[in-house]
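Notes follow the structure.
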Amino acid sequence: MTETKTSENRPSETHTGVIGRPIDRIDGPLKVTGGATYAYENALEGAAYGYILGAAVAKGRIAEIDTAEAERAPAVLLVMTHRNAPAQPDFGPAVTPTVPEVFTRARPALNSERVRYYDEPVALVVAETFEAARAAAGFIKVRYDEEPGLYDLPGHMADAYAPKRTNAGFETDSMIGDFESAFAAAPVKIDATYRTPFEHHNPMEPHATLAAWSGNELTIHTSAQTLANFRAGIASTLRIPPERVRIVSPFIGGGFGSKLIAHSDTILAALAAQVLQRPVKIALTRQQMFANAGHRAEMIQQVRFGADADGRLTGIAHDVWSAASSFEEYCEQTAVFARSLYVAPNRVTRHRLVPLDINRGEWMRSPGEAPGMLAFECAMDELADRLGLDPIELRIRNEPAQDPERGVPFSTRNLVACMKEGARRFGWERRNPTPGRTREGRKLIGYGMAAAIRPNYIGAATAQVAVDRDARVTARLDMTDIGTGSYTILTQIAADSLGLPISSIKVELGDSRFPRTAGSGGSWGAASAGSALHNACNALKQRILKAAQSSEASPLHGASATEASFANSEVRIGQRSAGLADLIRRIAPDGFEAEGSVAAGATTESYKAYSQHSYGAHFAEVAVDCDTGEIRMRRMLAVMGAGRILNAKTARSQIIGGMTWGIGAALMEQTVLDRRYGHFVNHDLAEYHVPINGDVPEMEVVFLEEHDDKANPLGAKGLGELGVCGAGAAVANAVYNATGVRVREFPITLDKVLPALPVIAI
Amino acid sequence: MQSFTYERAASAEQAAAAVAARPDAKFISGGTNLLDLMKLDIERPAHLVDISRLPLDRIEETAEGGLRVGAQVRNSDLAADPRVRSRYPMLTQALLAGASGQIRNKASTSGNLLQRTRCPYFYDRNMPCNKREPGSGCAALQGFNRMHAVLGASKACIAVHPSDMAVAMAGLDARIETISPGGETRTIPIGDFHQLPEAMPHVETVLGHGEMIAAVTLPPPPAGRQVYRKVRDRASYAFALVSVAAIVEKSGDRIRSARIAMGGVAAKPWRATEAERTLAGAAASDGAFTDAAEAALAGAVGHGGNDFKIPLAKRTMRHTLAAAVESA
């Protein structure tokens, strides 16, 4: 890509060009050969197996629980219920005083006779084998005093309330100007109410833990995105100092936000291991994950646009009502992106929660943008249609010069360039603006597009880096690789900075003994951990240079030139150079060590002074069967402006993964909450549909060349979740273009378009 | 999942006798459905008799010019058999439309016929379900019933049979051969094999306890072009919303005969005999296909979430009949 601004102020130490290269995953061979050990696969002498029994009702109390038969069952070691579980703190209030405490609060399990949601753990059986534990769990008899619960979001809108803040600490509401008056006066209006369903993450690796005590030290092998959160949450629940908890999570089979906090598998494994004084393993079953490992909440979203006849927005309103838990608040920041995306003088965004008797929603890939853009970017398509304006042109006419609500400049913003480049590559000019008119045989063909935006977050992170006498480098940090490529990009960052080959770098992750990072979540892992490692490498280089100049044993002794560089395994100061290994052997046979850190983005001047987001444009083509209404993807394209790309291959993988999530959200993903019983009805992967290979078309991903020097020292921005943002809306808009049917209730299954499809003569 | 004992059968007769000897015994073959159900405590056999290694894995020509498919022929092998592909293409299409490659490699012909419904309330032990626990009620009737039956259902149960293979076999008038514990054999037309729920949805077939399927016989292929069309929520690995198996024989511009079976609409593969009668002798036209589809769904009743299946089934049938006629 050459049309867009190329990088400025590129740091001189990146000249070796390892960053950005599409190198294969460092951990790939281990994963495909079975050499990567996942949490549940860890073998420890004497490990016992736990199986969780979940509640059969969604609200009430346990009146009676008879465990006698289970206790007598073969090979059973322990049956734990609220009657005999070790004491834990009470769960506490629904809202924590500060944002981070959501991640670190105590999450007691088997702590009360209360049942707060369907399938909440009511007993744990631990036995010599998994099979024995599961069989014995079937012998437990529970009698409940069931209470009527609330399970119907649209039915209980009267209970809606405004939370104190949204997820990630954003303001619940924003208001600029006078939207209502502007809307009333607008010559062109859109007022569209969209519904998005409950959804579940379903990483391939279920939530699983092996807990082992050694004296009063607890080691937890688990599948975690954020080790520090797990450590703090477990320590609070067990009422022990965090220093006595070690979390080990080197390989993670996907998380998508469902492994940011410790769930009942972890808490119960730790408690049972304590009681039994032997290691205990617990995994949630796939079915149990639906109730016990977080979800995206059902939402109702009203999007209103007022525009003049030329398509210039005079008012934007995005109101969100979200299902929530009655016992712990989680408010997805669904309308927050709308504060930055398009310009309009009058604007309002609001978030409201409707408490139900369900478990708490959690962070699910692209919290906020994923459901929010599905509604908002479809409503923009409705507006374009109403105006008779091309959807890209409409967006260009509403492109802001600075952040519309914060009033600060953008760090970089290439949304228009993404849309234009995408249109050119996709053949957007072939789209018939009149919907329902393009047919190939008995299929209706449609094109759709949508914008993508995702904020750039930086979390506080520290990295440690050491180089030995053979110039072999070890980097350590408690970062995780949830399948995204952290091992690989961190290796590239260190190799690039130190001028060493990839093979000289060893990156060790996933152990809470290593320096603390922000982990993987919110697309901030690469930028946060990567910046910390970048700074650690800089500190290491300063240390080496200082010693090289001052040590009499150094071949570079006395060199004083200001220009120093590390490249090709050599250190150069001015005109003099030395091999790095040779230099270290001479001046520091034990090698060098250094640390580097980055501060949380929200606290930095750059973050306050600039609006920082990644952007993109999604394009989709669908075919709709006139006879059956079946909607199938034909192709997709994403053009992204997301700062500097650290690895072209892993970055592309993240984006196509996100686009696949977009297909799922638009066309098939939905967990059905039974309004009578309060349980998720389709709680397995046969009935909860995610796109499979046959649903995923040819996908093209293009990254515009970009370097965001306001974001962080690397110039990179959050990328992982950008692929989801707007992808579903592009698909939905393509369905509208194909059929002329605007489905406002996701997912768009065939039954929702079928009644409007023409009966074509045979 | 409860503990169970296991034995590997040495012969068909011995297998039937072994299951007949214990009321809590069951046959197991590929296990692709039974093991899942056992893990969820929905099926709780105390004893399993493994019939997967019995020499019932051959596909043989019959004297009448059809094929006799051994009960232990794997779904993958049946779909790939050149004789099936050329003479019963609808059966291959149906098999390949079902499950995944891995599952088809394990699943047996008899097991496919005997697979149980995917109703999510049947799959959850905490929910009322007359099929799982007779007399407990039907949670699907007023619940999430998008996948459920529009034909032949009862107040006791609205579950559907999930098989694709069985739908094609119903259209082909397959016959099911069984062997009883005493060694007696009998042949059951596939249309009589599965039972509609009525008041006893837990009784799904006419098989007696210990009676084992030995083979499925396909009569000589009927004249006419065969088409299997499955409509589903994603491109693969999803159960049918509706499916239509159609064989249409033309004579000039007229339809001489048609055989039509539907899946995803009832507790059994649903033979659309009214539609077949409508088509016999009719001109091969859009109007005739539409009339046939209307006739096929004339008695259909939706339950809210599955109302769309009625127009969907009609549209799918109309188009499938047209596709069968196109190159008949």
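Can you list, bin by bin at 10 Å, the percent of alpha carbon pairs in region A:504-621, starting at 0?
11, 32, 23, 22, 9, 2, 0
Please determine, in degrees from 0 to 90 and to the nearest 10, the orientation of helix B:286-296 with respect to the longest principal axis defined by the Cα atoms of chain B, where the helix direction is its Cα long axis.
Here the helix axis deviates by roughly 30 degrees.
Calculate one ³J(HN,Hα) per residue across region A:167-175 by plugging θ = phi - 60° into the Karplus curve 6.51 cos²θ - 1.76 cosθ + 1.60, and present them in order as whole Hz with x for glycine and proline.
3, 6, x, 6, 4, 5, 10, 9, 8
Please list the equivalent ellipsoid semi-axes of region B:129-171, computed as the square roots of five times the alpha-carbon gyration tensor eigenvalues, in descending order and whole angstrom.
Largest first, region B:129-171 gives 22, 12, 9 Å.
Through the Karplus equation 6.51 cos²θ - 1.76 cosθ + 1.60, θ set to phi - 60°, convert the phi angles of region B:217-225 into ³J(HN,Hα) values in whole Hz; use x for Gly and Pro.
9, 9, x, x, x, x, 5, x, 7
Quick one: work out Rg over Rh on the C-alpha atoms of region A:43-130, Rh as Kirkwood radius.
Result for region A:43-130 is an Rg/Rh of 1.04.
Summing -39500 (n - 2.57) over the DSSP H runs of n ≥ 4 in chain B and dividing by its residue number, what mean residue ellipticity at 222 nm do you reach, to the nearest 500 deg cm²/dmol?
-7500 deg cm²/dmol
Report, in debye and to the nearest 20, how large the dipole of region B:188-242 comes out about its Cα centre when Lys and Arg carry +1 and Asp and Glu carry -1 on their Cβ.
Value, rounded to 20: 520 debye.
Ranked from highest to lowest mean number of other Cβ atoms within 10 Å per residue, what is the order of the peptides A:230-240, A:375-385?
Final packing ranking: A:375-385, A:230-240.
Taking other Cβ within 10 Å of each residue's Cβ, how do B:308, A:680 sort, fewest first?
Placing the least packed residue first, the sequence is B:308, A:680.
According to the square roots a ≥ b ≥ c of the eigenvalues of the Cα gyration tensor, what is the shape class of region B:214-303, taking rounded for a/c under 1.5, prolate for a/b larger than b/c otherwise, and oblate for the remainder?
oblate
Expressed in whole Å with the largest first, what are the equivalent ellipsoid semi-axes of region A:108-224 derived from the C-alpha gyration tensor as the square root of 5 times each eigenvalue?
Ellipsoid semi-axes (Å, largest first): 46, 22, 16.
Taking the Cβ-Cβ separation of residue A:94 and residue A:648 as r and a Förster radius of 35 Å, what is the calculated FRET efficiency to the nearest 0.05?
Calculated value: 0.20.
Most exposed first by the Cβ proxy, i.e. fewest other Cβ within 10 Å, how do B:320, A:37 rank?
A:37, B:320
Using R₀ = 56 Å, calculate the FRET efficiency as 1/(1 + (r/R₀)^6) where r is the Cβ-Cβ separation of residue A:24 and residue B:283; round to 0.05.
0.35
Give the order of A:159, B:164 when sorted by the count of other beta carbons within 10 angstrom, beginning with the fewest.
A:159, B:164
Where in region A:312-327 is the amide nitrogen less than 16 Å from a point lying 7 Å along the Cα-to-Cβ axis of residue A:178?
Flagged as within label range: A:314-316.
Treating only the Cβ of Lys, Arg, Asp and Glu as charged (+1, +1, -1, -1), what charge dipole size does chain A show about its Cα centre? Round to the nearest 20 debye.
960
Modelling each spin label as a point 7 Å along the Cα-to-Cβ direction, I'd like the residue B:298/residue A:145 distance in nm, to one decimal.
Between residue B:298 and residue A:145, the label points sit 5.7 nm apart.
Placing +1 at every Lys and Arg Cβ and -1 at every Asp and Glu Cβ, with all other atoms neutral, what dipole size does region B:225-326 have around its Cα centre, in debye to the nearest 20?
About 340 debye.
Go ahead and run the numbers for FRET between residue A:472 and residue A:603, Cβ-Cβ distance against an R0 of 22 Å, rounding to 0.05.
0.05
Given points 7 Å out from each Cα along the Cα-Cβ axis, report the residue B:50 to residue A:72 separation in nanometres with one decimal.
So the two model labels end up 3.2 nm from each other.
Counting only C-alpha contacts under 8 Å and six or more residues apart, can you give the relative contact order of region B:5-48 as a whole percent?
Reported as a whole number, the value is 48 percent.
If only Cα atoms are counted, what is the Rg of chain B, and what is its Dmax, in Å?
19.4, 62
Classify chain A: rounded, prolate or oblate, from the alpha-carbon gyration tensor (a ≥ b ≥ c, eigenvalue square roots; a/c under 1.5 rounded; otherwise prolate if a/b is larger than b/c)?
The shape class here is oblate.
Straight-line reach from residue B:131: which lysines fall under 29 Å, measuring Cα to Cα and dropping same-chain residues less than 8 apart?
A:59, A:141, B:26, B:39, B:106, B:155, B:230, B:268, B:309, B:314
For residue A:696, enumerate residues with amide H under 5 Å from its amide H, sequence gap 5+ or separate chain, H modeled in the peptide plane.
Hits under the 5 Å cutoff: none.
Which whole-number percentage describes the relative contact order of chain A, with Cα contacts under 8 Å and a sequence gap of 6 or more?
17
Quick check: pseudo-label points 7 Å beyond the Cα along Cα→Cβ at residue B:203 and residue A:393, how many nm apart are they?
Reported label-point gap for residue B:203 and residue A:393 is 7.0 nm.
Mark the label point 7 Å from the Cα of residue A:162 along Cα→Cβ and return the residues of region A:334-376 whose backbone N is within less than 17 Å of it.
Only A:334-336, A:339, A:347-355 pass the distance filter.
Quick note: the coordinates plus some simple rules give every number you see, no bench work behind them. The structure presented is a predicted model; accordingly, all values stated were derived computationally and were not measured. Neighbour counts run over all protein chains shown; Cβ positions are idealised from the backbone, glycine included.
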